[in-house]
Structure formats: C-alpha cells, structure tokens
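Novice: Pasting a structure here, questions to come.
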Amino acid sequence: MAVTDVTPNGSGDGAPKVALLNNPEVRGWVFQIILAVLIVYLAFEGWTNMNANLRAAGIASGWGFLGTNAGFAISQSLIEYSQASSTYGRVYIVGLLNTLAVAFVGIILATIIGFIVGVARLSKNWMVSRLATVYVESLRNIPLLLQIFIWYFGVLRLLPQPREGFDFGPLGLLNNRGFFAPKPVWGEGAEFTLYAFIIACVIAWGVGRWARARQMATGQIFPSFLVGLGTIIFLPLIVFFVSGAPLSWDIPKMGGFRPSGGMTLIPEYIAMLIALSTYTASFIAEIVRAGILAVNRGQTEAANALGLRNGPTLRLVIIPQALRIIIPPLTSQYLNLTKNSSLAVAIAYPELTSVFAGTALNQTGQAVEIISLTMLTYLTISLVTSLFMNWYNNRVALVER
Amino acid sequence: MAEQHSAADIAFVRREMLPQQDAPATSRGIVAWFRESLFSSIPYTILTLACLYILWVIIPPLVSFLFTSAVWSGADRAVCATEAQGGIQPDGWFGACWAYVGDYGNQFIYGRYPNEEQWRVNIVGILFIGGLAGLLIPSVPYKRENIIFLAIVFPIAALILLTGGHLSVGGLYIPLAILTVIALGVSFLFAKLSESDPIPGLKNVAFLFIGLFVLLFILGFDFGLVHVETEVWGGLLVTLVIAVTGIAASLPLGIALALGRRSALPIVRFFSIVFIEFWRGVPLITVLFMSSVMLPLFLPEGVSFDKLLRALIGVALFSSAYMAEVVRGGLQALPKGQYEGAMALGLNWTQMMRMIILPQALKLVIPGIVNTFIGLFKDTTLVLIIGLFDFLGQIQSSYSDPAWASPVQAMTGYAFAAIVYWIFCFSMSRYSMFMERKLDTGHKR
Amino acid sequence: MKKIMLTGALGAAALVFTGAAASAATLDDVKAKGFVQCGVSQGLPGFSNPDADGNWSGLDVDLCRAVAAAIFGDGEAVKFTPLSAKERFTALQSGEVDLLSRNTTWTMSRDTQLGLNFAGVNYYDGQGFMIRTSMDINSALELSGASICTNTGTTTELNVADYFRANNMDYELVAFEKADEVVAAYDAGRCDVYTTDASGLYAQRLKLTNPGEHKVLPEIISKEPLGPVVRQGDDQWFNIIKWVHIATINAEEHGVTMANVEEMKSSDNPEVKRMLGSEGNFGESIGLDADWAAKAIAAVGNYGEIFDRNVGPDTPLGISRGVNALWTKGGLMYGPPIR
C-alpha cells in the first residue's frame, strides 16, 4: 500500500508559491482553517439566500406538510394507503417500500442472471459463451433509461388488452394492466405454520453449527444442508396440514375495465424489474467472470491432487476465493441498482423519487424539504448497504501476514 | 522382442515410413470443432440447441424489423402505417420507419439549433475530434501541446462558437482587478513572512491574472456571431456537451478530492470524504432534480443560472465524486517507493505530486477515466427527465409530431437511439481495453 | 493555481449564462435586457408549441408576445423557456422567467402560498376525460374500475381523486412526469382513460396514432381557470400583464383587430380612443407608452383573433368558444373598462 501523503502545505492551490512559514504543520493548519472558513461561508451564504428567497416568494417552509392529507392515488402500495385519509408522510413510506420492493427483487434476479451469464461466458461451449458475450456487450452499452423505455413500451405493446388477456385459470391473469396473481388468504390457525417455520429455521441453524463443530473435531461430514433444507420445508408443511390447511386463495376475476381481487404486479413494476435486473446482470456477469479467472489455476490442480472431485473443488476451493474478489464490486453494483431504481420516475412506477420527489413535491411545492429528505434516504440506504457489505467483506477477506 | 526374429520369419517388413496421416475426420476441421465446442456431451448438446432456439426467436424478427420490412424513404406517416391506420402498408406489417429518422436526422443531431448556424457546431465537432484523436492515439506526437489545446483553447472556442460569444462580462473587469491587487498583496506578504524572494510568486500571480483578463476580453468580444440561446440546443449536441463538460470539469475536481481524501490534514480529509460519499450515495436523478428545483433558491437574488448550466453543475459535481475514486485507485496502485524516492530527493508535497506521483497515477487510470466517461455518457439521458432535450429526449419529443405518428414510430426511434448509443459506448469500451493492455506493463505486484 | 483558475472560470461561466435579475422592478430589468423571458409549456399544441424550426406559437405564447409588443412595440422581443409542471413555479420565483404563461390553473393555495399572483384568466377550462371510441362508454360515471393516465404535479390528479371519491367509484391512477409520456402510455393501451384539462385533451389527441378512434366524454369535472402568473411584490409588472390581457379582450368587444388597429385610433368611440392611446395617457400609469395597447394588438390581434388562430374551430384542435366567448355573447370574457 502507498503511504499517506505527508507534509502537505496547501500551496499549489493558493496564490502564494512561496511558503509562509517553513513549518509544515503550521502551513497545514493555516490551509485547513482557510478551507473550513470558505466552506462554512458558502454554506451560510446558501442558507441565508435560501431563506431570503423563500421569504421573498412567500413560501412556507417546515415539515408540517408531512402530516397533511395527500389526496392523490398511488397505483401500487405495499401498505394500506387511501387517498382519502393518508398523509404525505405515508406517501413517503409507500414510495420507500416500493423502491425497496423493486430493488430487493431486482438484486436477487440480477445476481442469478449475472452468475449464470458470467459462468456461461467461460463455458467451453462456443455457442453459449458467444451468446453470453453478446448479451453482456449489448446490454451494458445501451443507457438504462432507454432500456426502461423499450421494455415498458415493448411490454405494453406485446401484452393484450384486458378483455383479450391471457387467462391462466387459478394461476392468474396477464394483460396490459399487469399480472394478476391469486392472493393467499390465511385463515384461523395459520400462525402455527409461521411458528413452525421459525422453529425449523432455528433447528437448521443449530444443526449446521453442530455439524461444523463435529467436522472440526472428528473430520466426519454430516449432510447438514440437506437436513436443514428438509426441516425448513417439511416441518411447516406438516404443521400446516395438521392445523387444517388454513389457507384459501383470492383469485382475480375480470372486471369491467381490469381484473379485480388477487395481487397485482403492475406493468411499470414488471418493466422496471426486467430492465434493472438484465442491465445490472451484464455488469455482474463481468465481475463474476473476472473473479473466477482471477483464481489461480494451481488452486484447481492442488484441489484435484488432494482428491477433491469437481463439485467440491468449485464449492470449497474456487468459489470462496473468487467471492473475495467478486464481493466489493458486487456491492457497488447492488448500490447502483438501488439508485437506478429512481429512473422509475420516467415510467410512473410509484417509487420514492417518482411519488415523493415527484408528485408530492409538485403538490406541496416544498422543494427543499422533499429533495433533502429523498437524498438523505438514498444516502442512508447506500451507507447501510456498504457498511454491511464491508463487514461481510472483512469476514471473508484474506488475512494477510 | 521383435529384433530377435530373423527377417525370414516375418512375412512383411515395412522399409519406409508411412506418410503422416490426417487425424480422423471426426476430430479435425469443422466437424471436430462442432463436436468439441458444441456437441461434446449430452448437456452441451442441449445447451447448444437451447442457444439456437434463442437465436431463432430473436434474430428473424429483429432482422425483419430493422431491415427487410423497414421503410427507407417516404414523405410522411402514410409510408409507415398500415391500411387500417391510414397508410399504404398491408395489414400486419411491422417494420422500422427509417424514413422518419431520416427526416428528423438534423434535429436528432442539433436539436432546434438554427439551420444557418449549424456550421458552428460542425466546426466545434471537428476541433474536438481532431484534438481528441491526437490525444488518444498513442503514436501521435505533441501530446503536451494537444492537452493545452484541448484544455484551454478548445473550451473557449467551443463556448464562443456555440453560444455566439459577445457575452456580457463587462461587470467582471472591476472585481477581477480588485482580486488581482489582493492576490498580489497576499503573495508578497507570504513571501516576506517566510523570508524568501517574492519575485517568482508575484510573477506567477501576474501571469495568471493577465491570462484571466485576456480570457474576459475574448469572451466579451463581438465576433459578429448570432447569439444562440441554450434553449434551442438539443440532440446529440447536448448529449456531448453535457458528457464532455462533465468529464472535463470532474477531472480537476476529482484529482483535488482524491488528494484531499488521502491527505494527512484531518479537516481536508473530512470534507473530501463527506463530499465523495454524499454524491456517490445519491442517484443522479435526484441530483438533477436538486439542481433544477433547489439550486435557484440557493443563489443570491438577481442571479439565475441557465437550465443547461444547472444540469451541467449537477452532473459535474456528481461525476467528480466518481472520478475522485478512480484517481484514488491510481494513487494507491503506485508503489510506496515512488513516494519515498520523491521525498528522499527533497521534493516538497506539491513538487512530488506534480512531477512524480500524478503523472504516473493518471496514466494508470486512463482506462478508469474512459469507463467513467462511458457511464456519464449513458447517464446524460437522465436530463430528459428534467426537460432538457438530449439525444434521447429529442427523439422522444419528435413522437408528438402528427406528421409521422404511427405505431412503429416509437420503436423505430428507440431502436435508432439504442444503435447510436451502442456504437459510441462500445467503441469507447474497446479503446479502454486497448489502453488497459497497453498500460498493463509495470507496477504489477 | 488550478483552483483559482477553476473558480475564475466557473464565475465567468456563471455570469456568462446568468439570466435575468429578479429585483423589485421587473419592467426595468426587462427594458434593460431588451426582451421578455416567458415561461411556457414543453409543447402543448394550440397553447405553446414549437415547430420544427423552433418558432413558438399558441394562445399562451401570444400573451407573451402581446406583453413584449406593449413594452417594445415588437412581438418578437420575447424569449421562451419551456418548463415542466414541476419547475414552473420555482422558475418564476427565482426570476428565471419574468412571466409564466403556461396553462396554469388559478387556485387559492397557489395564489396565496407560493408567492405568486395570477394576472387574469386567458382560457376558462375544465378537466375532462378521453377514452377510446371502441370502449362504448358515454359518461364519466361509467368509469368505475378504470385505469387513468395523467401527469403528476397538476390539479388534475387531485380533481380526479375527488371526483371518483364523490361518486364512490374505484380507479387506478398512473401518473407520469411528462405529458408526452402520458400520451405514449395511453396510446400504447396502458390506460382506459386519459384525463387532463379539456383543451389539453383536444391538443394531445393530435399526437395519438389514430386521433379518430378517441373521444372526449361530455363531463367536465372541475373549474380550471388558466392564466398568466407573475411574482408577488411587483405591482407595476402585475398591472402590465393584467391590463395587456384585458386590452385584448376589450379590443375584441369593440371590434379592434390586428388589421384595423391604426384606423381605429381615430375612432369616435371614446372607450376605444382611451384604450389605443389617442385620448388620455393610461400607459403612463403602468410605465409604458400611451399606445401600449395598440402595439400589443398590432402584434397579435384581439382575444378573438388569438383564440381562432390557435385553438379555434378552423384549427386542428377545433375548440369552440363556449365559455370563452365574450360576455356580450354569453361567455365569461369580461374586460374591466379602461378609464
């Protein structure tokens, strides 16, 4: 690693080419104080200007608007939202949840597609690797916003009108108002299934720990993954049927204009999800490829020499080492995806930027408060994600001597 | 053993070597290639067939839309609409309407820049391409002169040509004169305090301010060009103006921030980190919203920025944070010995950075800078959300022309945009890879 | 060194691009720079729409031209800033534009809380619904359960909410940032209904693939008085906009047109003479020449001419005068007297 730069004197930026005093420390402090004063002055100037402008324009400022009634409708909401009684504060939460909904699912999809394409690029099958290359090179060289438009209007044009829409019977309806899926309605006693699921998770975790400890001590391998998976699947299932299968489905039915009932995935969400995940996947694929290539061939050979078969070699030797290289850039791709979800403003998917920094800003005119809150929210998401990923990265990082 | 037999025992002995035979037909040439890389095992065969199927689904409709069914010439929407839609095409026809792109081509490039003034944009384009080619092709000499041309002469020439020059800078002369006096005084005072010769410092300051006065004079000079306000700029012109200005402004800012972040001075480091992490943590679109809606409120009464300039400020601040991280990567990649060597020679911090560290570090990060530029180039599309007409925005705005309205219009426009963006980005990424290979010589650890 | 150069360059750039100043006397600033900076829409046929060469035309644009003509005697002494619904008020508040003439609805909260003044109404509008003819729907009351496209940041979004709530109907709102995207999504079949001001519906219908397949439902669900907006705190400028607009209305009432404005100066009607400046000097009271109104009318014509030229029955929009007729013909256009 490089050294930290020492003996700064701050010149090179200021007019005096000749040093003021020959003590670098003093020079450093003089420069820093000048800088700090300048920044504070600029901030102060901006603040007073803003207040003066707001006062001159007669704009009310403050956070009171968060408690007032919003009065407009939102096409997708994960929590209860009614235009009649919900406040701007609630609009903010609805927008934030929609952002997280598209970002979370998008990250999962992008990771899956990205890993598949990344491995495919390294395939010895010419067709597969070429196709993967074409995928990567075409998607990452076209602006995301353009892709969002193409997907959105493409999806809208491809899907039929509601009355001529696809009907998958109990599986739902698909038309250009979105995908309407059956919604599970939990009956009485459903909580036991949930408890069983939680207990199963705890058991699986315990088994995993025990198996690892035993392997460390005795070298015997216990199939903890299969056992854990089995527990998580079957324990809740058994409880579910024992408690009388307390589940019914709310199946969407075609209404006058669009289907009603069930769960809806609006076209904006579908288009955003496809565009975000395929675009980000093209970057993830390159990261994965670089990560795998960076693992020395000797590692594979050594693992083979130890008698490991191909599967365990990949799982126990290659991937853990590749992950170390993959994770830091992967983190920034996840953050990019989350931030890029703000492009939804262009196609009316009601996420944070669109519904809060868009609609709410337009209705209230509280530009300063709303933009600051929006930026702060994204900043918080970014910082929390990178803190978490840094922590994880430190855990898997190579401990150097 | 064979040698123990006498010749008579053996019915036939080959006396000459057989000519070398080709490998079996199944393991050479095209057949072998097919076998090995496509059909070597059952899973491979399935994969290959799956790929072929994907190609079968994608390629024919794409070719049909882009080429075989496309309309290449025509005067209005009739050629691109089916009979049911009031056109001449048979029902069920679906192809690109390149005639519409041809008709709008001029607007896609220049926006609403007046036709008779477009030669100015062309000159700026030629100057830029010329300067850039000289800089980017490693074998072209005069790199230093080229950089001076691109960094000083070109921006001024471009500003004057694009806007028309004759800018109202009259009010700036007096403040600049006052600033000159102050700077000279401070420089003299500092030199006196540190008991060194004030002449070189004064000389530098004087040269700098003479340069600024000349700059002001040129900007205010009336070249007789018609003023073209930025509202009529559009298309590829705006895309390139934003991307190039963004990267040009972010480079010095990014270097300053990267140095600040690695500085030993706590306050400098603190501000640099806050600045970098803030801009990297927020989406560009909120930055653009901020610059378009909030920035006017921060300015003193009586000062207001042009809409394009506001977007430029937002983009420059945003990309400078990313640039700072790229440059920091270059600074960290330099071996410690370079720093120690520089210090051992008795260079001070400025000299060390200017003569030893930055030249090497910046050379290392050229691919990173190009990649940042590609990202920025793609991100310029976001300005259409705040109502500027960049390339994509201009294409979108042409959809509202009833003369060309047809169901294929939007898809044609998007396809055209995708092709253009792809060509730009792909060639830049190839260049970045080329530089990476070229620079991938020293400093390997 | 670098930083100083940078600061210098930035400062220079800032001043180079610096637009109008927003001081107390807008008229003085406008006179000093030689043109009126007018905020308009980003493209609404009939109201403010640029053609392929970048020439703006429309009802709102003509008001800007009338103001410019009243001040400078030249209807071309005006520059247009296309603004989105989101930017429009900030642009006016910050002084980026002198006058906002962008089909903006006059509401109490905008008039009182945003530091703005509405200088009159140049188009009485109301919110309507557009729907495909094939849907076979003839009243907005049959729209329960429909998907509705509109733009954000406008009163339309709130009106539609109120209307559906009042009639106990359910709906899905899809709100876009830009009008062009609303049209594109409606055209692509995302929504059953497109709602905005009725005038806007007629204008945007021209942009659809097949304008003939869409119709506007008869219900008008809100009052949308559209008019020019200025900053609060500059009464002289406010008066100029207000009275230029009134002059175009009064000119129609008295038969003063773009063609006959010169000869009407010697009309026998004292009302006309006062308006056109051949009697008294009313221009002085708003800081303009005596023939301010004559110049405005010579440039763009009277209200009737402006209406017919931009949105009237003979234009592609084909809007009839309706409530926008003169009060003498049963409409709402009523100009206070100039005396």
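The values are calculated or read from the model by the stated rules, or taken from the named source; none is laboratory data. Keep in mind it's a predicted model, so treat the numbers as computed, not measured. Heads up, the Cβs are rebuilt from the backbone with ideal geometry, glycines too, and the neighbour counts pull from every protein chain shown.
Novice: Since A:Thr359 meets every condition but one in (1) within 10 Å of chain C (Cβ to nearest Cβ); (2) part of a helix (DSSP H, G or I); (3) under 21 Å from the mean Cα position of the chain (by Cα); (4) of a type outside the set (Phe, Trp, Tyr), which condition does it not meet?
Specialist: (3)
Novice: Of these, A:Leu42, A:Leu122, A:Leu139, A:Leu145, which one is within 14 Å of chain C (Cβ to nearest Cβ), out of contact with any Cys (no Cβ under 8 Å at 6 or more places or on another chain) and either farther than 27 Å from A:Val355 by Cβ or without any contact (Cβ under 8 Å) to a residue 12 or more places away in the chain (or both)?
Specialist: A:Leu42
Novice: I need the full set of residues from the stretch B:304-319 which are polar (S, T, N, Q) and more than 9 Å from chain C (Cβ to nearest Cβ), in order please.
Specialist: B:Ser319
Novice: Taking the condition more than 14 Å from every other protein chain (Cβ to nearest Cβ) and either under 18 Å from B:Leu216 (Cβ atoms) or touching a helix residue (DSSP H, G or I) at 6+ places or on another chain (Cβ under 8 Å) (or both), does B:Ala177 pass?
Specialist: no
Novice: Still on this model: Please enumerate the residues belonging to the stretch B:146-170 that are hydroxyl-bearing (Ser, Thr, Tyr) and at pLDDT below 85.
Specialist: If we filter the stretch B:146-170 for residues that are hydroxyl-bearing (Ser, Thr, Tyr), which is where we start, we get B:163, B:168.
Across the stretch B:146-170, the qualifying residue is only B:Ser168.
Novice: Looking at the stretch C:265-272, can you tell me whether even one residue there is in contact (Cβ under 8 Å) with a residue 40 or more places away in the chain and in contact with an Asp or Glu (Cβ under 8 Å, 6 or more places away or on another chain)?
Specialist: no
Novice: While we're here: Among the residues of the stretch C:287-339, count how many are buried (at least 23 other Cβ atoms within 10 Å of the Cβ) and basic (Lys, Arg).
Specialist: Selection size over the stretch C:287-339: 1.
Novice: Pull up the stretch C:191-213, narrow it to residues that are of a type outside the set (Lys, Arg) and over 17 Å from C:Thr156 (Cβ atoms), then point me to the one that is nearest to the chain's Cα centre (by Cα).
Specialist: The qualifying residue nearest to the chain's Cα centre (by Cα) is C:Leu206.
Novice: In the stretch C:186-203, which residue that is crowded, with 23+ Cβ neighbours inside 10 Å and facing chain A (nearest Cβ under 7 Å) is modelled with the highest pLDDT?
Specialist: C:Asp192
Novice: Something else about it: Pick from A:Glu301, A:Glu286: which is more than 26 Å from the chain's Cα centre (by Cα) and not aliphatic (A, V, I, L, M)?
Specialist: When all the criteria are applied, what remains is A:Glu301.
Novice: Helices (runs of 4 or more DSSP H) wholly in the stretch B:109-220 with at least 1 residues that are without any contact (Cβ under 8 Å) to a residue 40 or more places away in the chain and within 26 Å of B:Gly393 (Cα to Cα) - which ones?
Specialist: Counting at least 1 such residues, we get B:118-136, B:154-163.
Novice: Tell me, which helices (runs of 4 or more DSSP H) wholly within the stretch A:260-353 include 2 or more residues that are under 17 Å from A:Leu109 (Cα atoms), more than 14 Å from chain B (Cβ to nearest Cβ) and hydroxyl-bearing (Ser, Thr, Tyr)?
Specialist: Helices (runs of 4 or more DSSP H) meeting the threshold: A:267-294.
Novice: Among (1) among the aliphatic types (A, V, I, L, M); (2) touching a residue at least 12 places away in the same chain (Cβ under 8 Å); (3) more than 8 Å from chain A (Cβ to nearest Cβ); (4) out of contact with any Phe, Trp or Tyr (no Cβ under 7 Å at 6 or more places or on another chain), which single condition is B:Ile285 missing?
Specialist: (3)
Novice: Can you pull out the residues in the stretch C:81-98 that are within 7 Å of chain B (Cβ to nearest Cβ), in contact with a strand residue (DSSP E or B) (Cβ under 7 Å, 6 or more places away or on another chain) and among the acidic types (Asp, Glu)?
Specialist: Passing the criteria: only C:Glu96.
Novice: Taking B:Leu62 as meeting all but one of (1) part of a loop (DSSP other than H, G, I, E, B); (2) loosely packed, with under 14 Cβ neighbours inside 10 Å, write down the number of the exception.
Specialist: Of (1) part of a loop (DSSP other than H, G, I, E, B); (2) loosely packed, with under 14 Cβ neighbours inside 10 Å, only one is false for B:Leu62: (1).
A quick yes/no check of all residues on (1) in a helix (DSSP H, G or I); (2) buried (at least 16 other Cβ atoms within 10 Å of the Cβ); (3) among the small types (Gly, Ala, Ser):
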| residue | (1), (2), (3) |
| --- | --- |
| A:Ile113 | yes, yes, no |
| A:Val134 | yes, no, no |
| A:Glu137 | yes, yes, no |
| A:Phe179 | no, yes, no |
| A:Leu194 | yes, no, no |
| A:Val202 | yes, no, no |
| A:Arg212 | yes, no, no |
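Novice: Which of the residues that make up the stretch C:51-110 are within 13 Å of the chain's Cα centre (by Cα), charged (D, E, K, R) and under 24 Å from B:Val383 (Cβ atoms)?
Specialist: Selection gives C:Arg88, C:Arg102.
Novice: Output the number of the condition that A:Trp249 fails; it satisfies all remaining conditions of (1) part of a helix (DSSP H, G or I); (2) of a type outside the set (Val, Ile, Thr); (3) at pLDDT below 85.
Specialist: It is condition (1) that A:Trp249 fails.
Novice: Between a residue in the stretch A:300-313 that is closer than 17 Å to A:Ile221 by Cα and any residue that is outside any loop (DSSP other than H, G, I, E, B) and not basic (Lys, Arg), which pairs come within a Cβ distance under 8 Å, given they are 6 or more apart or on different chains?
Specialist: Matching pairs, first to second residue: A:Leu308/A:Leu316; A:Leu308/A:Val317; A:Pro312/A:Ala303; A:Thr313/A:Thr300; A:Thr313/A:Ala303; A:Thr313/A:Asn304.
Novice: If B:Pro407 satisfies every condition in (1) more than 30 Å from B:Arg262 (Cα to Cα); (2) surrounded by fewer than 23 Cβ atoms within 10 Å (Cβ to Cβ); (3) in the same structural domain as B:Ala249 (by TED's automatic domain parsing); (4) out of contact with any Leu (no Cβ under 9 Å at 6 or more places or on another chain) but one, which is the exception?
Specialist: (3)
Novice: Is it true that A:Gly230 is farther than 30 Å from A:Asn176 by Cα, in contact with a Gly (Cβ under 7 Å, 6 or more places away or on another chain) and part of a helix (DSSP H, G or I)?
Specialist: In short, no.
Novice: So which residues in the stretch C:114-124 are outside any loop (DSSP other than H, G, I, E, B) and not hydroxyl-bearing (Ser, Thr, Tyr), if there are any at all?
Specialist: C:Leu116, C:Asn117, C:Phe118
Novice: So, one more: Checking A:Ala84 against (1) surrounded by fewer than 18 Cβ atoms within 10 Å (Cβ to Cβ); (2) not in a loop (DSSP other than H, G, I, E, B), only one condition comes out false. Which one?
Specialist: Result: A:Ala84 fails condition (2) only.
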